[in-house]
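These notes are about the structure you will find just below.
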Amino acid sequence: MSELIQRSLMPVSAEELLAWHARPGAFERLLPPWEQVELRTAARSLSNGERAEFVIPVGPFRKRWIAEHHALTDEIGFRDQQIVGPFARWEHTHRMTPAEQPNSASWLEDRIHYDVPLAAIGRALLGRHIRKSLERTFAYRHRVTIADLAAHQAARDQQGIQPMNILVTGSTGLVGSAVVPFLTTGGHRALRLVRGTPRNADEIAWNPTAGTIDAAKLESVDAVVHLAGDNIAHGRWTAAKKARIRDSRVLGTRLLSTTLAKLNRKPRVFVCASAIGFYGHRGDDVMTESSPPGPTFISSVCRDWESATEPAKQAGIRVVNLRIGVVLTPRGGALAKMLTPFKLCAGGVVGSGRQYWSWIALDDVVGAIHHAITHDELTGPVNAVAPETLTNAAFTKILGRVLHRPTIAPLPAFVVKLLLGEMGEELLLASTRVVPNRLQETGYQFRCPTLEGALRHVLGR
């Protein structure tokens, strides 16, 4: 029998710590982004006998795992026991203990007792790997828990934020799938705008192409986070693709904005995604929120995208246009595409390598959205990028170091243009050096201010 213990001081009471774990979305927030785990059925509560079912990769196979919850009888916390799964035995105790100092804090202890499969043979072949994997996972879980709890606690203490009804579009996308569980574990209710027939009370129908939306169900909304839009990095930019990119952003934003403007009870804030593509190719020049737009296709899309929020602004709703940089997570986007060639020692600079790539860790995109919702002084354009500005060459060198791989296979500019056309020129070869002035001026504290720290966090390195 093996044992692993991870213990950390949390910035909330033991009762609030337990409540955070019991709310919808806790599993998703605690799941490391490098793990390919699929949640099949979430437990409805932490009560005795409630079960969660998910599927995990075991080598080339997928293994079903069912965990059953049991409350601790003499302490604050709960225990998960494997009913079906890859381990010979698995018992995980989550214990929350009030801290003596400070009074409002508590200790979270994760204690895992486990046996690897195949007895002595399994321990000899897999024991060290499994131990290292668990250490990475629980270190990540505690970092995220501390940061999430601190953000929600600060919003309550400093901004007086109470639980809200928050409408989210693009909730199944790369950013939306992280935003929703962050909000729900913080005590907020996330309502989702969805195409097709809603499946539950938290889903609301809309169709941006047809211009339809169930406006009556938006009357209870306190804040809106609009993330929907066609994937700009998927497929060549044909005329039809460019039309989808523009329409999916402009039409949906205009429909949502005009609908919110007509509500009897309007939301307090409308956070609408945009992109640093607004600035276009600008060489070494530093772009702030007051910098003018560029002349590229994406620049024109971003201008129209942001302009489509004008009806909400004119109706007195506080509008934040969040210009998001290259989002870093192995679950998708640019980093996910880069990992395989880099791991195969086929990674290197793109083009000249002198172009600036303005990036941001996924957890900081989530944090910036929460900051925009909870800080009334934020309005208009806000750059959602990390404070560290790096060229592609510097980015490449750091990623190679984190992965312990050489970076000696460059991707010449002519190959990028040949393979990807206009998309490659605007997304990979353009230089956009952006700084997050408004976020920093309003007190946002980045979880991952440096690229190396961000990569080690999201890759568990």
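Details
- For the stretch 334-384, taking the residues that are among the aromatic types (Phe, Trp, Tyr) and buried (at least 22 other Cβ atoms within 10 Å of the Cβ), the one that is farthest from residue 175 (Cα to Cα) is identified as 356.
- Condition check for residue 249: assigned to a loop (DSSP other than H, G, I, E, B), of a type in the set (Lys, Arg) and assigned by TED's automatic domain parsing to the domain that holds residue 167: no
- Within the stretch 417-443, being surrounded by fewer than 22 Cβ atoms within 10 Å (Cβ to Cβ), modelled with pLDDT of 85 or more and not charged (D, E, K, R) holds for 421, 427, 428, 429, 431, 435, 437, 440, 442, 443.
- From the options 414, 395, residue that is surrounded by fewer than 18 Cβ atoms within 10 Å (Cβ to Cβ) and either of a type in the set (Phe, Trp, Tyr) or touching a Leu at 6+ places or on another chain (Cβ under 9 Å) (or both): 414
- Qualifying residues in the stretch 278-297 (those that are modelled with pLDDT of 95 or more and in a helix (DSSP H, G or I)) - the one farthest from the chain's Cα centre (by Cα): 279
- If you check 309, 329 for being within 27 Å of residue 454 (Cβ to Cβ) and touching a helix residue (DSSP H, G or I) at 6+ places or on another chain (Cβ under 8 Å), only one passes: 329.
- Failed criterion for residue 159 (all others in (1) touching a strand residue (DSSP E or B) at 6+ places or on another chain (Cβ under 9 Å); (2) at pLDDT below 95 hold): (1)
- For the stretch 84-111, taking the residues that are out of contact with any helix residue (DSSP H, G or I) (no Cβ under 7 Å at 6 or more places or on another chain) and of a type in the set (A, V, I, L, M, F, W, C), the one that is surrounded by the fewest Cβ atoms within 10 Å (Cβ to Cβ) is identified as 84.
- Verdict on residue 434 being β-branched (Val, Ile, Thr), under 22 Å from residue 296 (Cα atoms) and under 24 Å from the mean Cα position of the chain (by Cα): yes
- All positions within the stretch 97-140 that are polar (S, T, N, Q) and free of Cβ contacts under 8 Å to residues at least 24 places away in the same chain: 101, 103, 133
- Long-range neighbours under 6 Å by Cβ, at least six apart or interchain, first residue over 15 Å from residue 271 (Cα atoms) within the stretch 163-192, second in a strand (DSSP E or B): 184/190; 188/166; 189/165
- Hits in the stretch 214-228 - residues which are among the small types (Gly, Ala, Ser) and not in a helix (DSSP H, G or I): 220, 223, 228
- Restricting the stretch 379-397 to residues that are outside any helix (DSSP H, G or I) and farther than 30 Å from residue 270 by Cα, the residue that is nearest to the chain's Cα centre (by Cα): 390
- Restricting attention to the stretch 259-281 and to residues that are surrounded by fewer than 24 Cβ atoms within 10 Å (Cβ to Cβ) and either out of contact with any strand residue (DSSP E or B) (no Cβ under 7 Å at 6 or more places or on another chain) or of a type in the set (Phe, Trp, Tyr) (or both), the residue that is nearest to residue 231 (Cα to Cα) turns out to be 280.
- Filter pass, residue 218 being buried (at least 21 other Cβ atoms within 10 Å of the Cβ), over 30 Å from residue 423 (Cα atoms), of a type in the set (A, V, I, L, M, F, W, C) and outside the structural domain of residue 29 (by TED's automatic domain parsing): yes
The values are calculated or read from the model by the stated rules, or taken from the named source; none is laboratory data. None of these values were measured; they are calculated from a predicted model. Reconstructed Cβ throughout: ideal geometry from the backbone, glycine too, with neighbour counts over all protein chains shown.
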